[in-house]
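Participant: Take this structure, written in structure tokens, and hold onto it; I'll ask about it next.
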Amino acid sequence: MTERELRVLRWYAMVVGVLLLTPLVVMLLASVNNGFTIFLPPRDWGFRWYGEAIRNDFLVEAFRFSMMTAAASAAFAVVLGVAAGFAIARYRFPGRNLLHAAVMTPLLIPTVVVAIGILQLFSSLGIPISPEGLVAGHTAASLPFVTRLTLAGIGAIDPRLESAALSLGASRWLMYRTVVYPQIRPAVLSGLILAFLLSLEETTIAIFTSTPGATTLPVQLLRYYANRSDPLVAAASSILLVLTVLAAYLLDRRFGLLKLLSGNDSTGR
Amino acid sequence: MTTPEMTTPEMTTTEAPPPVDTAVGQRRRWARYLVPAGLSAPVLVLLVFSVLWPVVSAAVLSVSHSETSYIADASRYGYILGDSFYREVLAQTVVTSLMATAATLVVGYPLGLYMAFATDRVKRIVIFLILTPLLISVVVRGYALTLLLGPVSPINHVLPEKWAIDLVFTRWAVLIGFVYTFLPYMVLSVNASLTGVDLRMLAAARSLGAGLWYVLRRIVVPLSAPGISSGCVIVCALAMSSVGLPLLLGGEGYQMWLLLVYDQVLNIFDWPMGFAMAMIIFVVIVGLLVLGQLSARLLRGRSR
Amino acid sequence: MTTIGYGAPKVGGEPASTVRAHFRIDGIVKSFGATDVLHGLTLDVARGELVCLLGPSGCGKSTLLNVIAGVLAPDRGSVHLGERDITTMPIQRRNIGVVFQSYALFPNMNVVDNVAFGLRARGVGRDQARAEVDRLLLLVGLVGRGSHRPSQLSGGEQQRVALARALATNPALLLLDEPFSNLDAALRTELRAQTRRIQRETRVTTIMVTHDQTEAFELADRVALMRAGEFVQVGTPQELYDHPRTEFAAKFVGEANVLRGPIVADGDGRVIVFAGNRVPVGALTAGPLPGEHGTLVVRPERVRIAASTEVEEAAGRRVRVAGRITELQYRGSGCRYVVGLGDGSALAAWHTGDRVGRYLVGDEVVASWDLADTLVLGAPDDHP
């Protein structure tokens, strides 16, 4: 690629980037309408609907519920995923590759099928769908990401460090604590945060497993969207948007978004 | 949710051998399997309970006579596929998904090239802009689009009265929604497949006298073929199994298959019917995956 | 060498096959942000000549090559190939063949397609291109490997494919960027010789980048020694070895004894003083004046050791310095002695053929060399 061609590509990328931003900016604008109808650009500015959103019982409850299920599913995903990652990376046993493939299957099965499946199974077994089914579904959905990050993290550890520690007399436990853990901590941490964010925004499983009183925020927003035409949804969505973007920015600064989501580095190969 | 790396044809297994020989110090043969078994058991239990068993039991219910009886009865599949309305919606869903995939490829491929080859500072920002939406809820993204595409859209201030757009609840809104939402996946996929190509290679090609299009045609596209095909498969699969977007952008005006499933399960409460419909689209998606793998292999073999 | 009348590259001027150009760069300056990498480089290369850009890593040689190739644009200066000013010409119109360090072969094509790429890109028909490819594969010794992919080839084979590919379009200039550095030692020697043979046969003007002095000396007609973005000295390997212009040049092209001391007037001549010795500074070197500091350079293989008690008869005027052997390194083909001169400085002497025991550590000896082999330079360079 000559410099000129790269420049053209860059312009294209910037244009697309702006286009991707436009709907979100429009939504932010819509949320600062003070009246009951959405005008773009707004005729009467104000943050009134933000106040309404924060005071809205359903939304607050949904936010709380979303946070809790996200925390729970992230925690589970990390505990299970890191363990599995360890087993795959550090041990040889029959079925190792099968395990690896199995952990990745949630990516291959359409989320809808998993959602209705959980609905069916849990209700037939008498287990409450929400939050148990929801958490189960979200955990499974986050597993592949957490495991992949863990594998990458473990893969980056020089095995000779471990041998060196052991040969110096460290017990296996000490070796894990002082050599392995510090090196995989960033991977595990980023997996945790990623799983949390994924659960927060997940919609399909949530739609099918929500019950009155136990609804996640996206689903609640959907309900409101269907029934209202005022800026409440816009305001609530904007809050969620800003929080997510902030989290994404911090994640990117600390770990690199590109690396997290695709396994590649933005600095090259 | 799928990501590009996962369905790239080549990788499914890890190569790294265990660095510390865990057999050393173990007295009994089978004792060495204790730890990995212990580590993997919880995950397997979760997967069985959240994925395997649920899918199976939903499939089973879809071929049962009714929710309460266990008599095998696959007649509803025949019923669904025999009904012209359902067939039409299915066709519509597939066609729209394919159109969305093509559009996403066209828009996203140059972005993938940019991400793979650019070295400037703007790249960081662009990556952020393209990838962050993956973490934003589909509901938020879809809702924002309804504002942009609906009657209150600021675009309508610019356009003359009779060209005013109100695209919500039409196929175009759904299409735009798909491209908007699934673009990052395509970009990631294309980018991932180009890791083996570096600027030196392209410089070498140019030094031999090749123009830009020749280089793209003979080198870049063939090498990114796996990324293209896996990106297409992912986007198409996501589009066909998408619920939130059709709900927001299609709604009453444009029926998508999964809205029917949603209806059956959550409004009409005819679960067996809903599950059967879900299974049908599942089969279509799996067929698509297989096609994707085959085409990837074909493309690779043909690269001259 | 047969030439094919295929379409010329899309540029005005002569068909590629007749351009065996005289090549020139003039005042090339290049900076990356705040760092200046190239400080105004000028060089002429004759038709058919092989010039090596030699220098330590970071000296800018690869950057210069990239400017010549067209990958980078210079901030100032010009590049001329034959009659054409190619400074701002895009890569694909320069008619320059490049072999990168990593070879940059196209992984999705086999050897034949790789080599034929340039020809096919210019519209040459498949059969015609194939004939040319076969000729080139014969030239580089890869007949029969045509249908293999790069990943199936060894490093040496890949390198030869890259070379064949670059030569296929009959370039006016061939650029080689450390083409042997990814190969093991034995392969390197073999391929160096082969590359030199191919270059002589095709008579293509060539510029090669390397950090390996032996390689440069073996292949180059002339060597351009670079350091920190500048040409330190440009000349034949012999000129560089026997008449280096700076201490850096002296040390980079081979082992050198370097002794420093003040210059003092002595009759109507000058001498350099070190370790209690006075060595005349020849009138040949325009060098340092009395009162300044100088650097004396002499190659170890020119220094002979003799026992103090021996009377040494030798032709010509000789410099004699007394000292004591402090180190002895036996290298199979000879011995390297290090003679301490008493004031902390030392001289190395290389005796081909000596066996261990001829002289021992601790022996009082006299080191001597022919005055004509002495080089006196100015004060040490200030370069970092």
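No value in this document is a laboratory result; all are computed from the given coordinates. Worth saying up front: this structure is predicted, and the values here are computed from it rather than measured. Cβ sites come from the backbone with ideal geometry, for glycine too, and all protein chains shown count toward neighbours.
Participant: Answer with one residue from A:111, A:163, A:66: the one whose Cα lies farthest towards the positive end of the charge dipole of region A:10-261, charges on Cβ with Lys, Arg +1 and Asp, Glu -1.
Facilitator: Towards the positive end, the residue furthest out is A:163.
Participant: For chain A, what mean projected area does the convex hull of the alpha carbons give, in nm²?
Facilitator: Convex hull of Cα atoms, orientation-averaged projection: 19.8 nm².
Participant: Then there is this: Residues in region C:201-245 near a label at residue C:42, defined as backbone nitrogen under 15 Å from the 7 Å Cα→Cβ point?
Facilitator: What the label zone holds, given the 15 Å backbone N cut-off, is C:230-234.
Participant: How are the Cα pair distances of chain B distributed, in percent, across 20 Å bins from 0?
Facilitator: 25, 49, 24, 2, 0
Participant: Taking H as built 1.01 Å from N, whose amide H comes closer than 5 Å to the amide H of residue C:294, not counting residues under 5 places away?
Facilitator: Excluding prolines and chain starts, which carry no amide H, the hits are C:261, C:263.
Participant: Packing-wise, with mean Cβ within 10 Å as the measure, how do B:140-146, A:94-100, C:97-103 rank, highest first?
Facilitator: By packing density, highest mean first, the sequence is B:140-146, C:97-103, A:94-100.
Participant: Continuing with the same structure: Quick query: amide H of residue C:270 versus all other amide H atoms, modeled in the peptide plane; which residues come in under 5 Å with a sequence gap of 5 or more or a different chain?
Facilitator: C:281
Participant: Mean shadow of the protein assembly as shown, computed from the convex hull of its alpha carbons, in nm²?
Facilitator: Computed as one quarter of the Cα hull surface, the answer is 54.2 nm².
Participant: Take the Cβ-Cβ distance between residue A:34 and residue B:161 as r, set R0 to 25 Å, and report the resulting FRET efficiency rounded to the nearest 0.05.
Facilitator: After rounding, the FRET efficiency stands at 0.40.
Participant: If you don't mind, another one. Summing Lys, Arg as +1 and Asp, Glu as -1, what charge do residues with Cβ under 14 Å from the Cβ of residue A:77 carry, residue A:77 excluded?
Facilitator: 0
Participant: Another question, then. Going by average Cβ neighbours within 10 Å, how do the peptides A:34-40, C:55-61 rank, with the highest at the top?
Facilitator: C:55-61, A:34-40
Participant: Give the aspartates and glutamates whose C-alpha is closer than 19 Å to that of residue C:30, dropping any in the same chain fewer than 8 places away, or say none.
Facilitator: Cross-link targets: A:3, B:120, C:44, C:75, C:85, C:177, C:230.
Participant: Residue C:152 label point, 7 Å along Cα→Cβ, cut-off 20 Å on backbone N: hits in region C:161-205?
Facilitator: Flagged as within label range: C:161-165.
Participant: Hey, what number do you get for chain B at 222 nm if only DSSP H runs of n ≥ 4 count, each worth -39500 (n - 2.57), divided across all residues, to the nearest 500?
Facilitator: Result for chain B, helices only: -20000 deg cm²/dmol.
Participant: Normalising by the residue count of chain A, find the relative contact order in percent from Cα pairs under 8 Å and 6+ residues apart.
Facilitator: 28 percent
Participant: Next question, about the same structure. Helix C:126-140 versus the longest principal axis of chain C: what angle, 0 to 90°, nearest 10, using Cα atoms?
Facilitator: 20 degrees
Participant: Taking the 0 to 90 degree range and rounding to the nearest ten, how far is the long axis of helix C:155-168 tilted relative to the main principal axis of chain C, both from C-alpha atoms?
Facilitator: 60 degrees
Participant: Let me ask another. Using only DSSP helix segments of four residues or longer, with each worth -39500 (n - 2.57), what per-residue ellipticity at 222 nm results for chain C after dividing by its residue count and rounding to 500?
Facilitator: Calculated from helices alone, the mean residue ellipticity at 222 nm is -6500 deg cm²/dmol.
Participant: So, one more: Where does each of B:264-277, A:233-246, C:236-249 land if you order them by average Cβ count within 10 Å, highest first?
Facilitator: Ranked by mean Cβ neighbours within 10 Å, highest first: A:233-246, B:264-277, C:236-249.
Participant: Length gain on complete extension for the stretch residue C:143 to residue C:260, per 0.36 nm per residue less the alpha carbon to alpha carbon distance?
Facilitator: Result for the pair: 36.5 nm of gain on full extension.
Participant: So, one more: How high is the relative contact order of region B:77-303, in percent, counting Cα pairs under 8 Å that sit 6 or more residues apart?
Facilitator: This gives 27 percent for region B:77-303.
Participant: Would you mind giving the mean number of other chain beta-carbons within 10 Å of the Cβ of each residue in C:170-177, as a whole number?
Facilitator: Mean inter-chain Cβ contacts per residue within 10 Å come to 1.
Participant: Set Lys and Arg Cβ to +1 and Asp and Glu Cβ to -1, take the dipole of region B:77-303 about its Cα centre, and tell me which of B:185, B:241, B:255 lies farthest positive.
Facilitator: The Cα lying farthest towards the positive end belongs to B:185.
Participant: Note down the magnitude of the dipole of chain C about its Cα centre, charges +1 on Lys and Arg C-beta and -1 on Asp and Glu C-beta and zero elsewhere, to the nearest 20 debye.
Facilitator: 1340 debye
Participant: Determine, from the Cβ-Cβ distance of residue C:360 and residue C:34 and an R0 of 56 Å, the FRET efficiency 1/(1 + (r/R0)^6), rounded to the nearest 0.05.
Facilitator: Result of the calculation: an efficiency of 0.50.
Participant: Another question, if that's okay. Using a simple spin-label model with points 7 Å from Cα along the Cα→Cβ vector, what separation in nm is obtained for residue B:60 and residue C:126?
Facilitator: 5.8 nm
Participant: Something else: Magnitude of the Cβ-charge dipole of region A:122-262, K/R +1 and D/E -1, about the Cα centre, nearest 20 debye?
Facilitator: 360 debye
Participant: Quickly work out the residue C:24-to-residue A:67 label distance, labels modelled 7 Å from Cα along the C-beta direction, and quote it in nm with one decimal.
Facilitator: 7.5 nm
Participant: Another question, if that's okay. Taking only C-alpha pairs under 8 Å that are 6+ residues apart, what is the relative contact order of chain C in percent?
Facilitator: Answer for chain C is 15 percent.
Participant: Which residues among region B:106-138 fall inside the zone where the amide N is under 13 Å from a point 7 Å beyond the Cα of residue A:10, along Cα→Cβ?
Facilitator: So the set is B:114-115, B:117-126.
Participant: For region A:146-207, what number results from the quotient of the Cα radius of gyration and 2.2 N^0.38 Å?
Facilitator: Taking N as the residue count of region A:146-207, the ratio is 1.51.
Participant: For the pair residue C:243 and residue C:293, what calculated FRET efficiency results from E = 1/(1 + (r/R0)^6), where r is the Cβ-Cβ distance and R0 = 30 Å, to the nearest 0.05?
Facilitator: 0.90
Participant: What dipole magnitude, in Debye to the nearest 20, does the protein assembly as shown give about its Cα centre under +1 on Lys/Arg Cβ and -1 on Asp/Glu Cβ?
Facilitator: 1160 debye
Participant: Determine the sum of side-chain charges near residue C:141: Lys and Arg each +1, Asp and Glu each -1, restricted to other residues whose C-beta is under 11 angstrom from that of residue C:141.
Facilitator: Residues close to residue C:141 contribute a combined charge of +1.
Participant: What's the average, rounded to a whole number, of partner chain beta-carbon atoms within 10 Å of each residue's beta-carbon in A:91-99?
Facilitator: Partner Cβ neighbours, averaged per residue: 6.
Participant: Positive end of the dipole of chain C, charges at C-beta (+1 Lys, Arg; -1 Asp, Glu), about the Cα centre: which of C:180, C:118, C:280 has its Cα farthest in that direction?
Facilitator: Working it through, the farthest residue towards the positive pole turns out to be C:118.
Participant: I've got another one for you. Which ³J(HN,Hα) values in Hz, rounded to whole numbers, follow from the phi angles of region C:247-264 under the Karplus curve 6.51 cos²θ - 1.76 cosθ + 1.60, where θ = phi - 60° and Gly and Pro get x?
Facilitator: Here the 3J(HN,Hα) series is 4, 4, 4, 4, 6, 6, 8, x, 6, 9, 7, 10, 10, 10, x, x, 9, 10 Hz.
Participant: Relative to the longest principal Cα axis of chain A, at what angle does helix A:111-125 sit, 0 to 90 degrees, rounded to 10?
Facilitator: Its long axis makes an angle of about 80 degrees.
Participant: Ordered by residue, what ³J(HN,Hα) values in Hz, to whole numbers, does region C:361-370 give under the Karplus form 6.51 cos²θ - 1.76 cosθ + 1.60, where θ = phi - 60° and Gly and Pro are x?
Facilitator: Whole-Hz 3J(HN,Hα) from phi for region C:361-370: 4, x, 5, 7, 9, 10, 9, 9, 8, 5.
Participant: If you don't mind, there's one more thing I want to ask. For peptide A:24-37, compute the average count of partner chain beta-carbon atoms within 10 Å of each residue's beta-carbon.
Facilitator: Mean shielding count: 3.
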